[in-house]
1. Which of rounded, prolate or oblate describes region 116-272 when judged by the alpha-carbon gyration tensor and an a/c cut-off of 1.5?
2. If I take every Cα pair under 8 Å that is 6 or more residues apart in region 331-423, average their sequence separation and divide by the length, what percent do I get for the relative contact order?
3. Residue 394's amide H: which non-local residues (gap 5+, or another chain) put their own amide H closer than 5 Å, with H modeled 1.01 Å from N in plane and none for Pro or chain starts?
4. Report the gain in length on full extension from residue 183 to residue 95: 0.36 nm times residue separation, minus Cα-Cα distance, nm rounded to one decimal.
5. Test of understanding: what is the full-extension gain from residue 175 to residue 416, defined as 0.36 nm times their sequence separation minus their Cα-Cα distance?
6. So what's the back-of-envelope 222 nm ellipticity for the chain, counting only DSSP H runs of four-plus at -39500 (n - 2.57) apiece and dividing by all residues, rounded to 500?
7. Name the long-range amide H neighbours of residue 83: under 5 Å, sequence gap of 5 or more, or other chain; modelled H, no Pro or chain starts.
8. Which order do you get for 18, 270 if you rank them by accessible area with a 1.4 Å probe, largest at the top?
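The values are calculated or read from the model by the stated rules, or taken from the named source; none is laboratory data. Please read these numbers as outputs of a predicted model, since none were measured by experiment. For neighbour counting, all protein chains shown are included, and Cβ atoms are generated from backbone atoms with ideal geometry for every residue, glycine included. Only protein heavy atoms, including side chains, enter the accessible area calculation; ligands, DNA and RNA are left aside. Shrake-Rupley method; radii C 1.70, N 1.55, O 1.52, S 1.80 Å.
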Amino acid sequence: MALITKKIKGTEDVLPKESYRWQFVENIMRKESQAYGFREIRTPVFEHTELFARGVGQTTDVVQKEMYTFDTKGGESVTLRPEGTAGAARAVLEHALENEGLPIKASYFVSCYRYEKPQAGRLREFHQFGLEVYGTQSPAADAELICAAQSIFDRLQIGQLRLEINSIGCPKCRANYHKALKEYFEQYKGELCDTCLSRLEKNPMRILDCKSPICSKIAEGAPKITDYLCEECEKHFEAVQKYLDRAGVKYTVNPTIVRGLDYYTKTVFEFVTDCIGAQGTVCGGGRYDGLIEELGGKHLPSLGFAMGLERLLMVMDKQGIEIPDFNECKLYIAAMGESANEKAFELAKALRECGVEVQTDIVGRGLRAQMKYADKIGAKYSMVIGDNELEQNKATVKNMNTGKQYEISIDKDFINSFMQMEISDEQEFKAV
Ligand code: ATP
Ligand code: MG
């Protein structure tokens, strides 16, 4: 039978030896966002296709080209989530979370699915961490959200990340802006890509987000949304900046940021880096005051961001940021003979119950092979049990790095004896 060893294009495995890097980053995200009052929400990996069509927006690349959509055996159209916000918003509505007090603050870790052209930093299955705030129109919420993202990057010690912010106004100010954009881009009808030509009719702002070099060059000269903001949106944007200044968060205003999803209003922002090539946006977010209504709910102004975990890990790698691996086999108990094996099994269990990582032979290998394995996995201490040790209820523990040896008891005093040994070994280490 042919071996099935190929993963699907655009997907990646996280192997046991590298998962600590993910866990480290995820733990910091969890911790930092908790400090801001966010609690995790978990939603299904697939939803009714209609949810994304409405929530993400019909004119977006995501909905038009990138979704994994299929009919179930029951004839229902479902879609693998391309992002995390639509599902979270659906859950907020479905469970009427607005009755539990506003604002609602939710965080999420999701795998996302988009049929894109795989390249560095662009996958078909990727992972996002995101924060969502529902039920506030205050600019303080926008600034707080941005601060939370910044705190995470600070904790991760990521440098050279630019925060770029913009306001894309509300439907009121956008009407005039769309008109101005249309007039501008119509002069370049002969040069725009096909997708942008259709965007010109349906949603000219999307052209500002086009990745084609020609379109983005043309977009540089386009009218700026910030010149078209209504009074309310302008005031809101100024206030957001004031709060950011107050928090000491550095940013630049970039009037070309519009974000790839349709639901955004007012504040939009991105954290961008130049150190991982073309796919340099590690975090994107903003306000989406119309989303909940779009999904059939009441007016519930909301905002959020999502950061791409793969891209973030790439940045950390590129910047040489060391990620501590807290996993360590503390003790390997090698055993010779059946009764020794049973004893090792029992001792390992006892230590594990105290939260210590212990390994012992479950393969049935000889002593030499066991010790080789202990070395391979980087066990800190090793200990051998044979007939003599069983008889005397004592064994020798060896620090695999220093070669120092200690005698400990392996009877009912084992746990105590092991812990004592560790303390004196560490003191010895400090004394050197
Ligand atoms: P891009 O402009 O790079 O296509 P986007 O605007 O489509 O990004 P969002 O939908 O805002 O991205 O998603 C938020 C974050 O998720 C991005 O900033 C990025 O870090 C990550 N991301 C988006 N698409 C992918 C992908 N295909 N592969 C890996 N990460 C991705
Ligand atoms: Mg995209």
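1. Oblate, since a/c reaches 1.5 and b/c is not below a/b.
2. Values: 129 pairs, mean separation 26.2, N = 93.
After rounding, I find 28 percent.
3. Amide H to amide H, under 5 Å and 5 or more residues apart or across chains, residue 394 pairs with 410.
4. 27.2 nm
5. Details: separation 241, 0.36 × 241 = 86.76 nm, distance 7.40 nm.
Gain on stretching residue 175 to residue 416: 79.4 nm.
6. -12000 deg cm²/dmol
7. Here 113 satisfy the definition.
8. The most accessible residue leads, giving 18, 270.
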